[in-house]
Amino acid sequence: MHNLIAPSILSADFGNLERDCEMINQSKADWFHIDIMDGVFVPNISFGMPVLKSINEHAKKPLDVHLMIVNPEKYIEKFAKLGSDILTVHYEVCMNNMHEVINGIKKNGMKAGIAINPNTDTNVLEKFINDIDLVIVMGVFPGFSGQSFIEETYQRCFEAKELVVKYDSSALIEIDGGVTVHNAKKLIDNGADVLVSGSHVFKANNPTEIIQKLKDI
Ligand code: DX5
Ligand code: ZN
């Protein structure tokens with residue numbers, strides 16, 4: 001399978017959201033990556049339901065929604081109604097009710113993902129690897145775009161892929177945070193299937209070209 005590219009809307013120009021959604025529609029990108037932050041689980045607040053609704057009205061590709069919020073189970077139905085195709089929750093906030101949360105996501109017609117922070121052991125995925133569609137291995141501590149990539153992520157990506165292979169899981173491995181055209185190849189070589197890229201895409205003079213480059217790796 002060719003790797004998938006999911007530009008992160010967090011780095012878009014929110015005054016020109018329709019234009020930036022159209023750029024992604026026209027580009028070689030596969031998914032829209034959408035970061036929802038609550039100011040509790042992470043030290044930042046991004047955007048919420050009304051913005052997601054607008055993105056859904058313009059996006060012509062699947063919405064890959066990354067929840068960096070506490071108590072995500074409260075909002076599963078709402079995120080389904082707003083057009084989310086894949087809903088990912090963090091292991092760090094759902095470790096005690098993860099099976100219930102995954103089932104809730106699937107019952108609402110979405111694919112389910114688990115994200116792990118850079119300091120969370122990849123082994124925690126083992127219990128859930130056959131129940132999920134996506135693993136997000138964070139390349140930075142979540143909260144902000146534009147941070148530098150943490151080098152240990154290559155090894156963590158490899159470990160997550162090893163679990164997928166060991167259990168014959170169909171889960172894809174997504175790397176989120178600090179991804180650029182410079183580290184993309186090494187990430188793919190270590191098992192990444194999906195690359196999220198925010199600032200590297202949107203700060204470029206020609207975002208479409210960067211997406212194309214990431215896709216061609
Ligand atoms: C980080 C977010 C990322 C972020 C990626 O908390 O989950 O999706 O938008 O941005 P870059 O690619 O700039 O690190
Ligand atoms: Zn994200």
### Query
If one puts a single equal scatterer on every Cα of the stretch 72-176 and applies the Debye formula without solvent, what log₁₀ I(q)/I(0) results at q = 0.19 Å⁻¹?
-0.94
### Query
Across the Cα atoms of the chain, what radius of gyration and what greatest pairwise Cα-Cα distance (Dmax) are found, in Å?
15.7, 46
#### Entry: DSSP bridge pairs, the chain: antiparallel proportion in percent, nearest 5
5 percent
### Task
Return Ser170, Ser199 ranked ascending by Cβ neighbour count within 10 Å, so the fewest neighbours appear first.
Ser170, Ser199
### Query
Of Glu92, Glu57, how do they rank once you tally other Cβ atoms within 10 Å and put the fewest first?
Glu57, Glu92
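Chymotrypsin sites (Phe, Trp or Tyr not before Pro) within the stretch 117-217: which are DSSP loop residues with at most 14 other Cβ atoms inside 10 Å?
Tyr167
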#### Entry: ³J(HN,Hα), Karplus 6.51/-1.76/1.60, whole Hz, each residue of the stretch 101-111, x for Gly, Pro
5, 4, 4, x, 5, 5, 4, 8, x, 10, 7
### Karplus-derived 3J(HN,Hα), 6.51/-1.76/1.60, for each residue of the stretch 44-52, Hz, glycine and proline x
7, 10, 9, 7, x, 4, x, 6, 4
## Note on the structure
Neighbour-count ranking for Val181, Val194 (other C-beta within 10 angstrom, fewest to most) reads Val181, Val194
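Since every read-out is calculated from the coordinates, none of them should be taken as a lab result. All values derive from a computational prediction rather than experimental measurement. When we count neighbours, we look across all protein chains shown, and the Cβ atoms used for this are built from the backbone with ideal geometry, even at glycine.
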